[in-house]
Amino acid sequence: VDDPHPGQPYKGGNFYAFLPDNKDGQKTAMLLKKAFEHGLTFQLKSCDGEERVTWGLIPHKTSWHGGKARNGYPDSQYLREVCAVL
């Protein structure tokens, strides 16, 4: 529905995200799975005249390091914040 250019090819990619292996991380993983199944995890965007798959509006931790500013850990509020979004 939100495809900027329906019927046109687009580039995919490799996407990685990290969650702690604890009770809250496992709960978040289940919510993220539901979001993925409903098509909410990724979006298509135009970039330099090319359609690309990008992260959607749900925040993901893409690194174990770097803190909140770099989408990494440590970030003591992340699980609470992402669950509120989900």
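Couple of notes before you dig in:
- Top positive-direction residue, dipole computed over the chain with Cβ charges, set Gly13, Gln77, Gln43: Gln77
- At most 10 other Cβ within 10 Å, DSSP loop - chymotrypsin sites (Phe, Trp or Tyr not before Pro), region 46-86: Trp64
- The charge dipole of region 1-75, taken about the Cα centre with unit charges on the Cβ atoms of Lys, Arg (+1) and Asp, Glu (-1), comes to about 320 debye, rounded to the nearest 20.
- Under 20 Å from a label point set 7 Å out along the Cα-to-Cβ vector of Asp24, the amide N atoms of region 48-80 belong to 58-80.
- Relative contact order (%) - criterion: Cα under 8 Å, at least six apart; region: the chain: 28
- Added length on full extension, which subtracts the Cα-Cα distance from 0.36 nm per residue, Arg52 to Tyr10: 14.6 nm
- Fluctuation leader among Asp48, Asp75, Asp21 - the chain, Gaussian network, Cα springs under 10 angstrom: Asp48
- On Cα atoms only, tilt of 23-37 relative to the major axis of the chain in degrees: 10
- Restricting attention to the chain, close to 75% of DSSP beta bridges with both partner residues there are antiparallel.
Every number here is computed from the coordinates shown, using simple stated rules; none is lab data. Quantities reported herein were computed from a predicted structural model and do not represent experimental measurements. Here the Cβ is made from the backbone with ideal geometry for all residues, glycine too, and neighbour counts use every protein chain on show.
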